[in-house]
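Below: the structure, in structure tokens.
The values are calculated or read from the model by the stated rules, or taken from the named source; none is laboratory data. Computed from a prediction, not measured in an experiment: that's the story for all the values here. Methodologically, a virtual Cβ is constructed for each residue, glycine included, from the backbone with ideal geometry; neighbour enumeration extends over all protein chains shown. With ligands, DNA and RNA removed, areas are computed over all heavy atoms of the protein, side chains included. Shrake-Rupley method; radii C 1.70, N 1.55, O 1.52, S 1.80 Å.
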Amino acid sequence: MANADGGAYSYSLTVFSPSGKLVQIEHALAAVSQGTTSLGIKASNGIVIATEKKSSSILIDDSMIEKVAVVCPNIGIVYSGMGPDFRVLIASARKSAQAYWKIYGEYPPTKVLTQEIATVMQKATQSGGVRPFGVSLLVAGWDINRGPSLYQVDPSGSFWAWKASAIGKNMVNAKTFLEKRYNDDISLEDAIHTALLTLKEGFEGQMTEKTIEIGVVTVPTLEELEAGKIGGETGRPKPTFRKLSEEEVRDYLAL
């Protein structure tokens, strides 16, 4: 009944194979490994997440492609894998963040939101008639309790905190490159350059501001924290996560 591909067990999500595996989750990870490379690096004063942004045809309007997404002012996410699955998860994450705001008057800590996303993904591994989400996520954010945090969430619903990580088709080579270049004292500027160098290692074609997407988490100053709600008319905190514009990406690529 069982073969190298999991045999009959590969068609069932809720039944363990004799070796103790849920084979459909391994298939979901295979879908992630076919996605474009994404990575995240935690610096001493922030976090950078970056990814390749390629379209399958020159006729596609690439301005509509979004791989780095803002969840709330302090948290952003990048993914590798199936775009439609990511769309469902990002919508769920945004609802959770807004619900947290309505109850507590502040946006959720990065770990709390990551747990919410991971729970949604785990539920899809324990129910009949569904399949696992075919994406892995890198969640980057800042909060007053933990400061800047970077988490990776996999289709199984497992998540870990990382100093630097990579997902997607060039994951192994990217992680090896990061292990050689990373140190705990790296600055955000150096982390952005390291992220671009890492992506370049396995990049096919020319890297331009159209084919790279970058998001950064910055750490607020003491003055900003003491000022409290400094969002102008909204009365909400100043965003600590933002996506770099094409002009900013072009400037970094030119260095």
*Inspect the stretch 221-241 for any residue being in contact (Cβ under 8 Å) with a residue 40 or more places away in the chain, open to solvent by 70 Å² or more (accessible area, probe 1.4 Å), touching a strand residue (DSSP E or B) at 6+ places or on another chain (Cβ under 9 Å) and not polar (S, T, N, Q) and give the result as yes or no.*
yes
*Would you check if Leu59 is farther than 14 Å from Met171 by Cβ and in contact (Cβ under 8 Å) with a residue 12 or more places away in the chain?*
no
*asked:* If the requirement is being within 17 Å of the chain's Cα centre (by Cα), open to solvent by 30 Å² or more (accessible area, probe 1.4 Å) and not aliphatic (A, V, I, L, M), which of these qualifies: Gln24, Gln34?
replied: Gln34
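Just to check your reading of the model, which residue among Ser187, Ser245, Ser165 is open to solvent by less than 50 Å² (accessible area, probe 1.4 Å), within 30 Å of Gln126 (Cα to Cα) and polar (S, T, N, Q)? Walk me through it before giving the result.
Values: Ser187 fails: within 30 Å of Gln126 (Cα to Cα); Ser245 fails: within 30 Å of Gln126 (Cα to Cα).
Going through Ser187, Ser245, Ser165 in turn, the sole match is Ser165.
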*Restricting attention to the stretch 112-143, which residues are outside any helix (DSSP H, G or I) and within 11 Å of the chain's Cα centre (by Cα)?*
Val135, Ser136, Leu137, Leu138, Val139, Ala140, Gly141
*Look through the stretch 147-162, keep the residues that are out of contact with any Lys or Arg (no Cβ under 6 Å at 6 or more places or on another chain) and among the aliphatic types (A, V, I, L, M), and return whichever of them is most open to solvent (accessible area, probe 1.4 Å).*
Ala161
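Condition check ((1) touching a Pro at 6+ places or on another chain (Cβ under 8 Å); (2) under 27 Å from Phe16 (Cα atoms)) across all residues:
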residue	(1), (2)
Ala118	no, yes
Ala124	yes, yes
Trp142	yes, no
Ile167	no, yes
Ala174	no, no
Asp190	no, no
*Can you name the number of the only condition in (1) modelled with pLDDT under 95; (2) in contact with a Ser or Thr (Cβ under 7 Å, 6 or more places away or on another chain); (3) closer than 26 Å to Gly35 by Cβ that Thr211 fails?*
(2)
_Residue that is farthest from Val217 (Cα to Cα) [pool: residues in the stretch 113-151 that are polar (S, T, N, Q) and touching a residue at least 40 places away in the same chain (Cβ under 8 Å)]_ = Ser127
*Tell me which residues, restricted to the stretch 113-124, are of a type in the set (S, T, N, Q) and open to solvent by 10 Å² or more (accessible area, probe 1.4 Å).*
Gln115, Thr119, Gln122
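Does Glu106 count as open to solvent by 50 Å² or more (accessible area, probe 1.4 Å) and either in contact with a Ser or Thr (Cβ under 8 Å, 6 or more places away or on another chain) or under 22 Å from Pro220 (Cβ atoms) (or both)? Steps first, please.
On the way: open to solvent by 50 Å² or more (accessible area, probe 1.4 Å): yes; either in contact with a Ser or Thr (Cβ under 8 Å, 6 or more places away or on another chain) or under 22 Å from Pro220 (Cβ atoms) (or both): yes.
So Glu106 fits the description; yes.
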